[in-house]
Amino acid sequence: MKAAAALSLLLSAALACPSKLTTLPRQIVDNAAGTLSHEEIVEKSAAGLRLLKLDPTSPPVWFSEEGKLELMRAHVRFVDVTETWEDKVAIKAAEAAAASFGPASDAAHRASFPAPSHQSEVSALLPDLSIAQMNSTLSQLTALNNRYYRSSTGAQASTLLLNIINGIIAGRSDISAALYTHSWTQSSVIAKVAGASNNSAPVVILGAHLDSINLSSPTSGRAPGADDDGSGIVNIVEILRVLVASGWKPATPVEFHWYAGEEAGLLGSDAIATAYKRAGKQVKAMMELDMTAYFRPGSKEVISIEADYIDSGLNTLTKSLVTAYSALPWAMDEPCGYACSDHASWYDQGYPTTMLYEAVTGNDNARIHSSSDTTSVSGFSWTHSLEFTKVALGFVYELSA
Ligand SMILES: *[C@@H]1O[C@H](CO)[C@@H](O)[C@H](O)[C@H]1NC(C)=O
Ligand SMILES: *[C@@H]1O[C@H](CO)[C@@H](O)[C@H](O)[C@H]1NC(C)=O
Ligand SMILES: *[C@@H]1O[C@H](CO)[C@@H](O)[C@H](O)[C@H]1NC(C)=O
């Protein structure tokens, strides 16, 4: 994630105003996706076009791959719904039909969660969280040329991560890990921990994105992605390592997700969240960690909490988790906008979401999506990132105890 919202506003203005259409990529094919047939989706995607949703309310629009890249370079966010649109339409139709049998739930996106109550157990684990471990895992990931979702090194990142996780969970029959494959090269990775007292209870999900991107040369360009989102990736690996080492067995199920293709329109998380909803899976809460390791030198160090595409009840819990488990204060970020990161995929399916961010917008890392997103950038801080690991460990522990 996360790019200048002002530019994205400029482009939506251009979309709305035909006289400015020359500023838009020329590859837009048509705007009639609201009434898409199955045949049209099959035909156009076979021809290499992608169906992109540019805002929450308008129908999706067809773009070529090159047009999609132009949008990314112009910092316009979107969800690539090419492979999920028909499922999304079916889900909405089923929900509308169900709603006619009773009052629509106004509780959506205002879930209620108990305050943290396992301070002694969680606090005992926090000293085990290790910067050296996170740094070592990150070094292996950033050694790959990039983690682009269509590159072979992007696929290598998935298997590398899976191998690390398999090492962590060895000997635990209640924990499994696997690639979640997609139609593109990179796989998402999911680790599942069974609930010891009720494995049918709603699942708690902690997520980050696996891919990285060099915007000027996505397929072959250097994109270490140390902060975006190497930091979130290794935070979650470290949380899993410490929990497993402690013998932790959650009462209810927990999943750790590393998503493919976030930079290209939330591809992995949208596929997984849509599949979970289609399967009727219940999700208690989903937290995304997308960039946790930088704050602008000289600025106030905080744990920033995203303000949109989140559940306000879950955000209340997130704030108290920061207070309980981190030395840093929380601060609300300004709204990040449509398709900001993977939590938005879960929000779109009606699941409670929250997202921590490294700094309030403006104090965040400007080197992302380039060859200079490395740990040697001035402002990159492992001790800062460690604070996010503490809060997210608390999130997992408290909600699954
Ligand atoms: C992180 O790893 C790199 C490469 O292995 C090493 O040079 C650096 O000193 C490490 N930093 C920390 C904080 O452990
Ligand atoms: C387990 O969770 C499911 C789903 O929430 C619930 O229906 C069921 O009653 C729970 N079982 C027990 C033994 O608590
Ligand atoms: C993209 O990668 C190329 C080749 O590694 C590099 O020269 C270029 O600076 C990178 N672009 C950005 C924006 O970092």
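Each reported figure results from applying straightforward, stated rules to the coordinates on display, with no laboratory input. Only a predicted model underlies this, so the values are computations on that prediction, with no experimental measurement involved. Neighbour counts run over all protein chains shown; Cβ positions are idealised from the backbone, glycine included.
Details
- Taking the number of Cβ atoms within 10 Å of each Cβ as an exposure proxy, the fewest-first ranking of His257, His109 is His109, His257.
- Each other residue within a Cβ distance under 9 Å of Gly207 adds +1 if Lys or Arg and -1 if Asp or Glu, for a net charge of -4.
- Computed over segment 303-388, the quotient of the alpha carbon radius of gyration and 2.2 N^0.38 Å is 1.15.
- Panel order for Leu266, Leu36, Leu240, by other beta carbons found within 10 Å of each beta carbon, from fewest to most: Leu36, Leu240, Leu266.
- In terms of other Cβ atoms within 10 Å, Thr153, Thr84 run from fewest to most in the order Thr153, Thr84.
- Helical contribution to [θ] at 222 nm, DSSP H n ≥ 4, -39,500 (n - 2.57), averaged over the chain, rounded to 500: -11500 deg cm²/dmol
- Sorting the Cα pairs of the chain by distance into bins of 20 Å, from 0 upward, gives 29, 60, 11, 0 percent per bin.
- Phi angles of segment 307-312 translate, via the Karplus equation with coefficients 6.51, -1.76, 1.60 and θ = phi - 60°, into HN-Hα couplings of 10, 10, 6, 10, 9, 5 Hz per residue; Gly and Pro are given as x.
- Summary value for the chain: 20 percent relative contact order, contacts being C-alpha pairs under 8 angstrom separated by 6+ residues.
- Entries of Lys192/Lys319; Lys277/Lys300; Lys192/Lys390 with Cα pairs more than 32 Å apart: Lys277/Lys300
- The phi-based Karplus calculation (6.51 cos²θ - 1.76 cosθ + 1.60; θ = phi - 60°) puts the 3J(HN,Hα) values of segment 296-303 at 4, x, x, 8, 6, 7, 9, 9 Hz, whole numbers, x for Gly and Pro.
- Spatially proximal lysines relative to Lys68 (Cα-Cα < 18 Å; intrachain offsets below 8 disregarded): Lys2, Lys44, Lys53
- Residue-count net charge about Trp248 - beta-carbon cut-off 13 Å; Lys, Arg +1, Asp, Glu -1: -1
- With θ taken as phi - 60° and the Karplus curve 6.51 cos²θ - 1.76 cosθ + 1.60 applied, the whole-hertz 3J(HN,Hα) list for segment 375-383 is 6, 8, 4, 4, x, 5, 9, 5, 5 Hz, x standing for glycine and proline.
- Each Lys or Arg adds one and each Asp or Glu takes one away; over the other residues whose Cβ falls under 14 Å from the Cβ of Leu161, this sums to -1.
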